[in-house]
Amino acid sequence: MKQTVVLQVTMDGQRCCFQIMKGDHARKKATRIAVGLSGVESASIKGQDKDQIEVKGEGIDSVKLATLLRKKVGHASIVSVAEEKKKEKEDELKIRYMVGPPSYGLPPYTYYEIPKYDTPSCSIM
């Protein structure tokens, strides 16, 4: 189950840990924190003001990520959590291999799945 998590983080000259972070330093730190979390495959900074982090991966704990960003960088809020969906083309032929009894050197059985159409193929009827 691949997920895409978008978090909004305040990264422009805020006070954190008794020091003032500049925007670029805060963005680098937020990206490092996001990539360091288990299950994360990629992280990128998005948004018009570059204040959103988009994180992609499997089994991401979005609450834990938001908590870490709040502690280390600044205010963070979860914008969206979405699952990536697989898109399959139904019109293409699908090839499947059947596993049967030992073939003794012969290739496995092959059959083709032909897509079913809603409209009849004969236009006369």
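The values are calculated or read from the model by the stated rules, or taken from the named source; none is laboratory data. In this text, all values refer to a predicted model and were calculated from it rather than measured experimentally. Backbone-built Cβ (ideal geometry, glycine too); neighbour counts: all protein chains shown. Quick note on the areas: whole protein, heavy atoms, side chains included, nothing else; ligands and nucleic acids left out. Shrake-Rupley method; radii C 1.70, N 1.55, O 1.52, S 1.80 Å.
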Among (1) assigned to a strand (DSSP E or B); (2) modelled with pLDDT of 85 or more; (3) open to solvent by 80 Å² or more (accessible area, probe 1.4 Å), the one test that S38 misses: (1)
Note on K56: of the conditions (1) assigned to a strand (DSSP E or B); (2) modelled with pLDDT under 90; (3) of a type in the set (K, R), unmet is (2)
Which condition from (1) at pLDDT below 90; (2) outside any loop (DSSP other than H, G, I, E, B) is the one that E90 breaks? (2)
Tally up the residues in region 22-79 that are closer than 12 Å to V9 by Cβ, of a type in the set (D, E) and touching a strand residue (DSSP E or B) at 6+ places or on another chain (Cβ under 8 Å), please. 2
Among the residues of region 102-121, are any out of contact with any Leu (no Cβ under 9 Å at 6 or more places or on another chain), modelled with pLDDT of 90 or more and more than 19 Å from D12 (Cβ to Cβ)? no
